[in-house]
Amino acid sequence: APWPNPTSGPASLSFALPKSAHVRVAVLDLSGRMVRQLADRSFAPGRHGLTWDGLDATGRVAAPGLYFVRLSADGQERVARLSRLR
């Protein structure tokens, strides 16, 4: 789950993999549109962390509101909510 949540600055995301896998992590808006791709690459087994700095794909500060963080790996998908303040 993203932390801190809600946030007005960066949010940290952590995940663990039992084996090597190609991982995609994206921040989506309420409509399901991609705001920012955080990862699209292979990761080794173990714990990993990523940070969303609150910026969209063009480098602008994302608007306040509710976002979804979608992690896809090894045929599975997890989605967490993230509230962005200010």
**Request:** Would you work out what percent of the accessible area of the chain, with all protein chains in place, is carbon or sulfur (probe 1.4 Å)?
**Result:** 51
**Request:** Evaluate the charge dipole of the chain about its Cα centre and quote only its size in Debye, nearest 20, assuming +1 on the Cβ of each Lys and Arg and -1 on the Cβ of each Asp and Glu.
**Result:** 60
**Request:** Could you run the Karplus curve 6.51 cos²θ - 1.76 cosθ + 1.60 with θ = phi - 60° over the stretch 79-86 and give me ³J(HN,Hα) per residue in whole Hz, x for Gly and Pro?
**Result:** 10, 10, 8, 9, 9, 10, 9, 6
**Request:** Mind checking the full-extension length gain between residue 37 and residue 24? Use 0.36 nm per residue of separation minus the Cα-Cα distance, one decimal, nm.
**Result:** 3.9 nm
**Asked** Counting only heavy atoms of protein chains, what accessible area per residue, in Å², does the chain have with a probe of 1.4 Å?
**Response** 62
**Request:** Provide the convex hull volume over Cα atoms per residue for the chain, in Å³.
**Result:** 81
**Item:** Where labels lie 7 Å past Cα in the beta-carbon direction, separation of residue 74 and residue 58 in nm
**Value:** 3.8
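Of the peptides 34-47, 17-30, how do they stack up when ordered by the mean number of other Cβ atoms within 10 Å, highest first?
With the highest mean Cβ count within 10 Å placed first, the list reads 17-30, 34-47.
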**Complete:** Which residues qualify? For residue 21, with a placed amide H closer than 5 Å and at least 5 residues away or on another chain, they are 43
**Asked** For the stretch 1-73, what relative contact order do you get, as a whole percent, if you take Cα pairs closer than 8 Å and at least 6 residues apart?
**Response** 37
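The values are calculated or read from the model by the stated rules, or taken from the named source; none is laboratory data. All figures in this text were calculated on a predicted structure; none of them were measured in a lab. Every residue, glycine as well, gets a Cβ built from its backbone with ideal geometry; the counts of neighbours run over all protein chains shown. Note: areas computed on protein heavy atoms with side chains; ligands, DNA, RNA excluded. Shrake-Rupley method; radii C 1.70, N 1.55, O 1.52, S 1.80 Å.
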